[in-house]
Amino acid sequence: MAFNEKYYEKILEQFVKFSDEKYKKFSEKLLPEIKMTYGIRTPIIRKIAKEILKNDPIGFLNLCKNRNFE
């Protein structure tokens, strides 16, 4: 499946669903220059990354353009 804006929006919905406010604040203290974080724990990010790798990782990278830390 080719990665497109609709699929990217689906990924962002997952980011919002799995965000952790305490972890977000912790991450922002470690990375003060990064403002767009969701605070998603590593096991969840790995699961989402595996899904992206199975589909279209290059398309994802071309579309996301550093919009957020995760």
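The values are calculated or read from the model by the stated rules, or taken from the named source; none is laboratory data. No experiment lies behind these values; they were computed from the predicted model shown. Methodologically, a virtual Cβ is constructed for each residue, glycine included, from the backbone with ideal geometry; neighbour enumeration extends over all protein chains shown. Side chains are part of the model used for accessible areas, which takes the heavy atoms of the whole protein and leaves out ligands, DNA and RNA. Shrake-Rupley method; radii C 1.70, N 1.55, O 1.52, S 1.80 Å.
Take the alpha-carbon positions of the chain, form their convex hull, and give its projected area averaged over all directions (one quarter of the hull surface) in nm².
Details: hull surface 18.0 nm².
Projected area, direction-averaged: 4.5 nm².
Residue by residue, what Karplus-based ³J(HN,Hα) values in Hz, rounded to whole numbers, does the range 59-70 have, using 6.51, -1.76 and 1.60 with θ = phi - 60° and x for Gly and Pro?
x, 4, 4, 5, 7, 6, 6, 6, 6, 8, 5, 5
Multiply the residue separation of ALA49 and ASN68 by 0.36 nm, subtract the distance between their alpha-carbon atoms, and state the gained length in nm to one decimal. If you can, show how the numbers build up before the last one.
On the way: separation 19, 0.36 × 19 = 6.84 nm, distance 1.42 nm.
Answer, rounded to one decimal: 5.4 nm.
Compute the angle between helix 42-55 and the longest alpha-carbon principal axis of the chain, please, reported from 0 to 90 degrees and rounded to the nearest 10.
20 degrees
What is the magnitude of the charge dipole of the chain about its Cα centre, with +1 placed on the Cβ of each Lys and Arg, -1 on the Cβ of each Asp and Glu, and no other charges, expressed in debye to the nearest 20?
Values: 15 positive and 10 negative charges, 44 e Å.
Value, rounded to 20: 200 debye.
For an R0 of 22 angstrom, estimate the FRET efficiency from the Cβ-Cβ distance between ILE58 and GLU33 and round to the nearest 0.05.
FRET efficiency, ILE58 to GLU33: 0.25.
Over the chain, average the accessible area per residue using a 1.4 Å probe and give it in Å², no decimals. List each step's numbers first, then the result.
Working: 5280 Å² over 70 residues.
Computed with neighbouring chains in place, this is 75 Å² per residue.
At a 1.4 Å probe, what is the % contribution of carbon and sulfur to the accessible area of the chain? Write out the running numbers ahead of the final one.
On the way: 3100 of 5280 Å².
Summing carbon and sulfur atoms, their accessible area is 59 percent of the total for the chain.
Could you check the spin-label model distance between ASP20 and LYS6? Points 7 Å from the Cα along Cα→Cβ, value in nm.
Here the modelled spin labels are 3.3 nm apart.
Along the positive direction of the dipole of the chain (beta-carbon charges: Lys, Arg +1; Asp, Glu -1; about the Cα centre), which of PRO43, LEU12, ALA2 reaches farthest?
Highest projection toward the positive end goes to PRO43.
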